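Notes for the one structure printed next.
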Amino acid sequence: MNIEVKNKMLDAWIREVAEMCTPDEIYVCNGSRKEYDQMIQQLLDSGIAIPLKKRPNSYLFRSDPSDVARVEDNTYISTPSRTEAGPTNNWIAPDKLKKTMKDLYEGCMKGRTMYVIPFSMGPIGSPISKIGVEISDSPYVVVNMHIMTRVSDRVLELLGTNGEFIPCLHSIGAPLEEGQEDSKWPCAPIEKKYISHFPEENLIWSYGSGYGGNALLGKKCLALRIASAMAKREGWMAEHMLILRLTNPEGKQFHIAAAFPSACGKTNLAMMQPSVPGWKCECVGDDIAWMKIGPDGRLYAINPENGFFGVAPGTSYDTNPMAMDTLKENVIFTNCALTDEGDVWWEGIDGDPPKHAIDWKGNDWTPDSTDVAAHANARFTAPAAQCPVICEDWEKPEGVPIDIFIFGGRRSSVVPLVTEAYNWDHGVFLGSTAASETTAANIGAVGNLRRDPFAMKPFCGYNMGDYFQHWMEMGDKLGDKAPRCFYVNWFRKSEDGKFLWPGFSDNSRVLKWMCERVDGKAGAEETPIGLLPKDGDLDTQGLDTSADDLKELLKVDAEAWKAEIPDIENHFTTFGDRLPDRLKKQLEEFRHRLG
Ligand code: OXD
Ligand code: MN
């Protein structure tokens, strides 16, 4: 070990893991630039990282073709009883799961270095932040954690001799025998991959995958699954939400937190540049919000992350110019294509496709190839501080006060552009019934409707019925200081299959209406599904959308909604007696309003 670890629990844990996993070496990370550069050099020397001539200090990695995304089927919430994990999570009893995984961990780091990565989720020392320590045998994980979290020796100082941390154990699950040649992306086969959470012990064990949310344990595992269970116990919220600040022409600020399932444009909205003159949008975070009630009774949010781990395909100067400008240097790309000029390329990026490239699997690619050049889930890892519209308060330890919650999904029909909830309970009803049509990013048939409550289905670390109840209780505590709730759908289509709403920067028109509702300035009409903008309430100046299309976008078809009720009932039934009575009441009232 390169340093002496003063924290007793950490020291004991490192020794215990080392004994089980038998690495050749142990290295405790300090988060310095020098350390990052050395790790990158090592990855370059072994041919794992590919330098990009066109982007300073940026590198491309190619994963194993079997290790390209989060593995929800191999993800477990291991609570003492199955009921505590609830119907939306995979469950194995802790003893059994630990036994299986200990057998896998036995000797799994042979021939490798075991890295100890002390990190903070949230600014180091903030009252909302949490300290984690990830042990991993993947240098790729180390460099990504450097960007996505705050890795620092100051974290160890803060821990002192007895401070608490969340232990996150990760192994790619590929021991190296003496003389055995390493592969470029070692990992275990799918049946040996386990992404396990023990919420009662605040413990994470991940085995077999080197990719994204399976391996960068600060993100989905700690900041959502473990944190949501802690938040329930401690009376705060850990949500799968972007955070943005909108400033109106008079200089008044509004803070919005929005939950969308994957492939609904969350990162684009987080960095959106308004088309409405005089309005300004700044990004606080693009994926996760931790929120606590402040001394003034309002709800304050921080972004616990330090970087963006965004989906590259589809990102362009058209769809997200601020993301494109964030990606100019100091970026790790994974599973993008490589051009002959030494740049990355992906489907949907600006300009013409290159005449020749190397695809994400390392093969020659031309526009005539039948396969995509970049994997659909190809990613960029970029420091949040590099975003040109990062909010100056994004690292404020106390967070920003949330005025508005947005829920949403991708629906080609039925759901209008925007709906305001009648009150908190109705807002929780909208969040708990949120649904999205599946895209290529989801496993299963494209176009199926999948209920993804609060976009937390894959990320809630306990029984989701109890999570709904937690939302109700937070509303009770917040009272009239609670954020207002809205539901949006940017994806409604005309009968001939065209998107009715231009989206992107024009989404600012919808956000403007929300802010004006909060300010008591904009009108709305009551409908069975909630409050909708009346004619003239939505700022459509300069918008290239016909009056008929606008009408269709804001249409409430009671019959179509009635047809949704059985599916909502089925969805609610899965939570059994854990479903809050207040949600049952909401469903009854909804049915009644529909007539
Ligand atoms: C993500 C996700 O990677 O939600 O952020 O899948
Ligand atoms: Mn996400």
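The values are calculated or read from the model by the stated rules, or taken from the named source; none is laboratory data. Bear in mind that the values here come from a model prediction, so they are computed numbers and not experimental data. Glycine also receives a Cβ, built like all others from the backbone with ideal geometry; neighbour counts cover every protein chain displayed. Ligands, DNA and RNA are stripped out before the accessible areas are found, and what is left, the full protein with its side chains, is counted by its heavy atoms. Shrake-Rupley method; radii C 1.70, N 1.55, O 1.52, S 1.80 Å.
Yes/no per residue for (1) open to solvent by less than 10 Å² (accessible area, probe 1.4 Å); (2) touching a residue at least 60 places away in the same chain (Cβ under 8 Å); (3) over 22 Å from GLU564 (Cα atoms); (4) within 16 Å of ligand 1 (Cβ to nearest atom):
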site: ASN448; (1), (2), (3), (4): no, no, no, no
site: MET456; (1), (2), (3), (4): yes, yes, no, yes
site: MET464; (1), (2), (3), (4): yes, yes, no, no
site: LEU478; (1), (2), (3), (4): yes, yes, yes, no
site: SER494; (1), (2), (3), (4): no, no, no, no
site: LYS512; (1), (2), (3), (4): no, yes, yes, no
site: LEU531; (1), (2), (3), (4): no, yes, no, no
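Among the residues making up segment 281-297, those that are crowded, with 18+ Cβ neighbours inside 10 Å and assigned to a loop (DSSP other than H, G, I, E, B) are ASP286, ASP287, ILE288. Sub-8 Å Cβ pairs linking a first residue in segment 348-366 that is in the same structural domain as ALA376 (by TED's automatic domain parsing) to a second residue that is acidic (Asp, Glu) and surrounded by 12 or more Cβ atoms within 10 Å (Cβ to Cβ), at least 6 apart or interchain, are ASP350/ASP318; TRP365/ASP359, ordered by first then second residue. Which of the residues belonging to segment 405-431 are part of a helix (DSSP H, G or I) and either open to solvent by 10 Å² or more (accessible area, probe 1.4 Å) or over 22 Å from GLY520 (Cβ atoms) (or both)? Selection gives TRP424, ASP425, VAL428, PHE429, LEU430, GLY431. Summed over segment 202-225, the residues that are assigned to a loop (DSSP other than H, G, I, E, B), within 15 Å of ligand 1 (Cβ to nearest atom) and farther than 13 Å from ILE190 by Cα give a count of 2. Determine whether segment 229-252 contains at least one residue that is part of a helix (DSSP H, G or I), under 30 Å from ILE190 (Cβ atoms) and assigned by TED's automatic domain parsing to the domain that holds ILE404. Checked against the condition, which is being part of a helix (DSSP H, G or I), under 30 Å from ILE190 (Cβ atoms) and assigned by TED's automatic domain parsing to the domain that holds ILE404, segment 229-252 yields no hits at all.
Within segment 255-288, the set of residues being more than 16 Å from ligand 2 (Cβ to nearest atom) and farther than 22 Å from GLY122 by Cβ comprises MET272, GLN273, PRO274, SER275, VAL276, PRO277, GLY278, TRP279, LYS280, CYS281.
State whether the residues of segment 390-404 include one that is buried (at least 24 other Cβ atoms within 10 Å of the Cβ) and outside any loop (DSSP other than H, G, I, E, B). Yes; the residues of segment 390-404 include at least one that is buried (at least 24 other Cβ atoms within 10 Å of the Cβ) and outside any loop (DSSP other than H, G, I, E, B). For segment 459-505, give me each residue that is aliphatic (A, V, I, L, M) and farther than 30 Å from ASP296 by Cα. Matches in segment 459-505: LEU500 only.
The single residue among PHE459, PHE468, PHE454 that is part of a helix (DSSP H, G or I), within 16 Å of ligand 2 (Cβ to nearest atom) and either in contact with a strand residue (DSSP E or B) (Cβ under 7 Å, 6 or more places away or on another chain) or closer than 30 Å to SER78 by Cα (or both) turns out to be PHE454.
For segment 7-30, the set of residues classified as open to solvent by 40 Å² or more (accessible area, probe 1.4 Å), closer than 16 Å to ILE166 by Cα and touching a residue at least 60 places away in the same chain (Cβ under 8 Å) consists of LYS8, MET9, listed by residue number. Just one residue in the set GLY314, GLY278 is open to solvent by 30 Å² or more (accessible area, probe 1.4 Å), away from ligand 1 (no atom under 13 Å from the Cβ) and within 18 Å of the chain's Cα centre (by Cα); that residue is GLY314. Restricting the first member to segment 308-329 and to residues that are closer than 25 Å to GLY213 by Cβ and outside the structural domain of ASN507 (by TED's automatic domain parsing), and the second to residues that are of a type in the set (Gly, Ala, Ser) and open to solvent by 20 Å² or more (accessible area, probe 1.4 Å), the beta-carbon pairs closer than 7 Å and six or more apart or on different chains are PRO313/GLY348; PRO313/ALA376; GLY314/GLY348; THR315/GLY348; SER316/GLY348.
Highlighted here are the helices (runs of 4 or more DSSP H) found entirely within segment 503-567 that include at least 3 residues which are under 18 Å from PHE486 (Cβ atoms): 507-518. Checked against (1) at pLDDT below 95; (2) open to solvent by less than 20 Å² (accessible area, probe 1.4 Å), GLY265 meets all criteria but (2). Applying the criterion of being surrounded by 17 or more Cβ atoms within 10 Å (Cβ to Cβ) and not acidic (Asp, Glu) to the residues of segment 354-371, the residue that is nearest to ASN303 (Cα to Cα) is TRP360. Evaluating ILE128 against the criteria (1) among the hydrophobic types (A, V, I, L, M, F, W, C); (2) within 15 Å of MET109 (Cβ to Cβ); (3) assigned to a loop (DSSP other than H, G, I, E, B) leaves one unmet condition, (2). Scanning segment 298-314 for residues that are within 12 Å of ligand 2 (Cβ to nearest atom) and not in a loop (DSSP other than H, G, I, E, B) returns PHE308, PHE309, GLY310, VAL311. TRP13 passes every criterion in (1) part of a helix (DSSP H, G or I); (2) over 29 Å from GLY342 (Cβ atoms); (3) over 29 Å from the mean Cα position of the chain (by Cα) apart from (3).
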